[in-house]
Amino acid sequence: MDGLDRTAPQVTAGIYKYDAYDRQFLRDRVAEFRGQVDRRLAGALSEDEFKPLRLMNGLYLQLHAYMLRCAVPYGVLSSDQMRQFAVVARRFDRGYGHFTTRQNIQFNWIKLEEAADAIATLADADLHAIQTSGNCIRNVTTDEYAGAAFDESVDPRVYAEILRQWSTLHPEFSFLPRKFKIAITGAARDRAAIQLHDIGLAARRDASGAVSFEVWVGGGMGRTPILAYRIRERLPEAETIAYLEAILRVYNALGGRENIHKARIKILVRDVGQARFTELVEQEYARLPRERYRLEPEVVAAIQAHFAPPPFAVLPQADAALAAACDGDAEFAAWVGRNTHPHKVAGYISAVISLKPIGGIPGDCSAAQMDAIADLADRYAFGEVRVSHVQNLVLAHVRKDELYALWQALRPLGLATGNVGLLSDIIACPGLDYCALANARAIPVAQLIAERFADLHRQHDIGSVYINISGCINACAHHHVGHIGILGVDRKGEEYYQITLGGSATNDARIGDIVGPSFAYDQVTDAVETILRSYLAIRQAGELFIDTYRRTGLAPFKEALYATA
Amino acid sequence: MQLLEQGRPAADRWLRVADAAPIPDDVAALIGLERLAEVPAGRTAPLGVVVGPATLPEELAPLLNRVALIAVAFPKFRDGRGFTLGRALRERFRYGGELRAVGHVLPDQHLFLLRCGFSAVEVADGADLAPWTAALGRFHTAYQAMVTDKATLRQCMRRFG
């Protein structure tokens, strides 16, 4: 194994590799952005004009500094790209980065004068910040276990990459009424929250091997949470681009532009009605020149080749070494129980690196950790890392007989917290600590809750529960679909928190129910504890929190929360 | 106003007729869409119309054989409806006349406009034209199939111009 240790792997997992055209395109884009910054600094562009241009390059003006949101297309990174993020973190930030629910990474301390250099540094590793913000088609997101999951029928990365290319600097759809998010899944279980996106795609494969898509449209969170509706049950693969063009054209022409809060496609769908919206899209689709937008099988095959599986070893499904390690090390066994996901290839498993250490900031990662993770990806996972939409990292293809060694390497790095899916695996937005839009803090609330339940045994007893904390109604932490959702609001200058229960972002997607009056900052942790104590008292055998909630509804939780108040 | 046609400075041969002014019948006249009814059926001089961003392409379809210029108004550069309108006129209705962007547009949108089928853009008097021409020389490839594109390079990528 010496030849593989801490060096670039000889064989890598398939990821999309840029060619000369992609690289030239990216260099042109960097030059364009540099020119825009120069024009702004010289006063030739007003801030009002510069803002949408910088946003389309991922540059936000936040409370303390500029924030640069870098794209991780559909959450997939090579180890070298991870190292480049470490370079950016050290050179242009304060030595760390923050992974987001959009599978991207944000750097919070960027100077405007250095922004173009930071973006050029990204481009050196085929990375960019294109369309991570602005009223355009954003980074397409997908399942963090894509190409590895046992329940997958179609690899969604192939189509996510095709949509990335199609949506990149789209001349017609770069000045939409509002941002536009597309998610895609190819597995039985929806791990991409397709019903909560402007467009959600579920890829299916029929008996002949042909791929088609269920198309969902009009979902979203924010201040008006709405689940998407299914506009097409079986869209043939070749028609994907044409159909998406049709949806976007209808939206661009008719979407609201007067009020920023009524400009998402979900509001258009709600206002004209699903039947009429479907009719408008189908009309547009029927009359556009289908040949021009046809997604040819050769194009799909060419992109598919980029995502070829790595050369997996032939291994037995049940691994004796892994079983022995679990028997001999209870802490490791508990980590395996929480932080792994079944793989489609015998003898392999996907491992989750939790970025939620107790008391830490959800999603934060230091430059040193990034470098170490890149090395471990090279050593154990074919040089590839995924960013998950719950702000963790995934090594998708790990040999079961090497899992113990991987875990032992993660421990001294502070990256072996075995809490995936447990209550300390909290999704939190940057909140009032960083964000110019926030009404309340989110990160400290997450820290207080995680510390209250710091005992992992207690967390295991409670079992899987998703807590999502947003610092404002924009819902960046997806509080509407948390099993326990927490929304920070401003009440006469004080931070209050509204709690919702029973949300879900997967196949059984549902918007959570508001429990009642909101809680003060120092009451939130108690409220969460009350909710979980109530669950433990009334749960039936085998029930997770969400199961109990669905059986009993709000009443017992509401009673417990407000009886004591 | 300065005029850029396909990215090159050009003289404007059109007379922009003010709302209350009579429509001259012997010169190329650009009028508001709502004044179309005032134009005599036998008019021979070229006619152009200014249309608002909310205009749908099917509203313009019946008059495409009467007009030689459609000027699409952009009230704010962030209002991207004009891109969809322009593209639909070219692609769906095969409109072959001049298609001009007027109002608030940025040099950074110049290439997008041409790729959506616009042939010209109005630029404020005194504005520096250099960023407008630079914007056209910036990119040589793109990932979408647009009306003006020449050849597919590979997969989704196309060379244009």
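The values are calculated or read from the model by the stated rules, or taken from the named source; none is laboratory data. All values reported here derive from a predicted model rather than from experimental measurement. Here Cβ is always computed from backbone atoms with ideal geometry, including for glycine, and neighbour counts include all displayed protein chains.
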Legend entry - Of all residues in region B:118-161 being in a strand (DSSP E or B) and among the hydroxyl-bearing types (Ser, Thr, Tyr), the one that is modelled with the highest pLDDT: B:141
Inset, instruction - Select from region A:334-358 the residues that are over 22 Å from the mean Cα position of the chain (by Cα), among the small types (Gly, Ala, Ser) and in a loop (DSSP other than H, G, I, E, B) and list them in ascending order. - result: A:346, A:347
Inset, instruction - Answer yes or no: is there a residue in region B:110-129 that is facing chain A (nearest Cβ under 10 Å), in contact with a Pro (Cβ under 6 Å, 6 or more places away or on another chain) and over 28 Å from residue B:64 (Cα atoms). - result: no
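Table: residues versus (1) more than 30 Å from residue A:329 (Cα to Cα); (2) buried (at least 21 other Cβ atoms within 10 Å of the Cβ); (3) among the small types (Gly, Ala, Ser).
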residue: A:433; (1), (2), (3): yes, no, no
residue: A:446; (1), (2), (3): no, yes, yes
residue: A:469; (1), (2), (3): yes, yes, no
residue: A:475; (1), (2), (3): yes, yes, yes
residue: A:478; (1), (2), (3): yes, yes, no
residue: A:505; (1), (2), (3): yes, yes, yes
residue: A:528; (1), (2), (3): yes, yes, no
Inset, instruction - Check region A:164-183 and report whether any residue there is among the aromatic types (Phe, Trp, Tyr) and away from every other protein chain (no Cβ under 14 Å). - result: no
Legend entry - Qualifying helices (runs of 4 or more DSSP H) (wholly inside region A:477-565; at least 3 residues being out of contact with any strand residue (DSSP E or B) (no Cβ under 6 Å at 6 or more places or on another chain) and closer than 30 Å to residue A:185 by Cα): A:545-552
Inset, instruction - Go through (1) closer than 25 Å to residue A:193 by Cα; (2) more than 23 Å from the chain's Cα centre (by Cα) and name the single condition residue A:102 misses. - result: (2)
Inset, instruction - May I ask you to say which residue of A:442, A:450, A:374 is in contact with a Lys or Arg (Cβ under 6 Å, 6 or more places away or on another chain) and surrounded by 24 or more Cβ atoms within 10 Å (Cβ to Cβ)? - result: A:374
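Okay, residues lined up against (1) buried (at least 19 other Cβ atoms within 10 Å of the Cβ); (2) over 27 Å from residue A:466 (Cβ atoms):
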site	(1), (2)
A:311	no, yes
A:321	no, yes
A:332	yes, no
A:342	no, no
A:350	yes, no
A:359	no, no
A:369	yes, no
A:392	yes, no
A:395	yes, no
Legend entry - Residue, farthest from residue A:245 (Cα to Cα), within region B:83-97, restricted to residues that are more than 10 Å from chain A (Cβ to nearest Cβ) and out of contact with any helix residue (DSSP H, G or I) (no Cβ under 6 Å at 6 or more places or on another chain): B:97
Legend entry - Residues of region A:1-40 classified as modelled with pLDDT of 90 or more, more than 30 Å from residue A:372 (Cβ to Cβ) and more than 9 Å from chain B (Cβ to nearest Cβ), total: 6
Inset, instruction - Please determine, by comparing only the residues of region B:58-82 that are within 10 Å of another protein chain (Cβ to nearest Cβ) and touching a residue at least 12 places away in the same chain (Cβ under 8 Å), which one is surrounded by the most Cβ atoms within 10 Å (Cβ to Cβ). - result: B:82
Legend entry - Hey, residue A:423 part of a loop (DSSP other than H, G, I, E, B) and touching a Phe, Trp or Tyr at 6+ places or on another chain (Cβ under 6 Å) or not: yes
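At the interface with chain A (Cβ under 10 Å from one of its Cβ atoms) and surrounded by fewer than 22 Cβ atoms within 10 Å (Cβ to Cβ): is that true of residue B:55 in this structure?
Here the answer is yes, as residue B:55 does meet what is asked.
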